[in-house]
Amino acid sequence: MTQDWYVKPLRDCQGDHERATLVLLDLAAEYVERFGVAPRGKAGSLDEMVSTLYGPLPKEWGGRQVEMLDALLWIRQRMHEGRELSFITGEDTVGSLYSFTLGWLRNSLFNARKDLTVAPFQEWLRDVKKEFPGEGWHVKYLQDCQGDHRKAALKFLDFAAEFRTSR
């Protein structure tokens, strides 16, 4: 799969990231329907490829459900090590991170998995930090960071780290 796997759906949806994400999720659901969630026999079979592309996965992830906050903190760590956001989201935009989070939530819903970190993190952003605006955090943070996508993404990821530390 090439790095621009998301371009055609995005073009077909006239740049609407949310619609393009839903198109990609529908394709993923269709794939799972045809081949199952782990066609090679177990989900761990992809760990080596993921590790090669993105760096080693945390050992504590083995044998348990990885929650969105875990993934966000892993992405943050990789970005602080100098990786671009596109290493996981396909683009170096805060919108791609926003789409990643929406995709994560949709995947959890499709697979009937309850992510126990999402609601508390969202409530903390809204109630404690006053950082859950109606237009979406990605829009606000991009404005707050004067259009710097990397800084806007790191602002969100830093809030995830602050939330984790507060628990």
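The values are calculated or read from the model by the stated rules, or taken from the named source; none is laboratory data. On a predicted model such as this, the values are computed, not experimentally measured, just so you know. Quick reminder, even Gly has a Cβ in these numbers, built from the backbone with ideal geometry, and neighbours come from all protein chains shown. We work out accessible area using only protein heavy atoms, side chains counted, and drop any ligands, DNA or RNA first. Shrake-Rupley method; radii C 1.70, N 1.55, O 1.52, S 1.80 Å.
At-a-glance table
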item: Links that overshoot a 32 Å alpha carbon limit, given the list Lys59/Lys130; Lys59/Lys151; Lys8/Lys130; Lys114/Lys155; result: Lys59/Lys130; Lys8/Lys130
item: Cα shape, the stretch 125-164, gyration tensor, a/c 1.5 rule; result: oblate
item: Proximal aspartates and glutamates to Lys129, defined as alpha-carbon separation beneath 13 angstrom and excluding residues fewer than eight positions away on the same chain; result: Asp158, Glu162
item: Per DSSP, loop trypsin sites (Lys or Arg not before Pro) in the stretch 53-157 with at most 16 further Cβ within 10 Å; result: Arg64, Arg83, Arg113, Lys114, Lys129, Lys130
item: Heavy-atom SASA rank of Ile88, Ile75 (probe 1.4 Å, accessible area, largest first); result: Ile88, Ile75
item: Candidates per GluC sites (Glu not before Pro) in the stretch 93-150, loop by DSSP, up to 10 other Cβ within 10 Å; result: Glu135
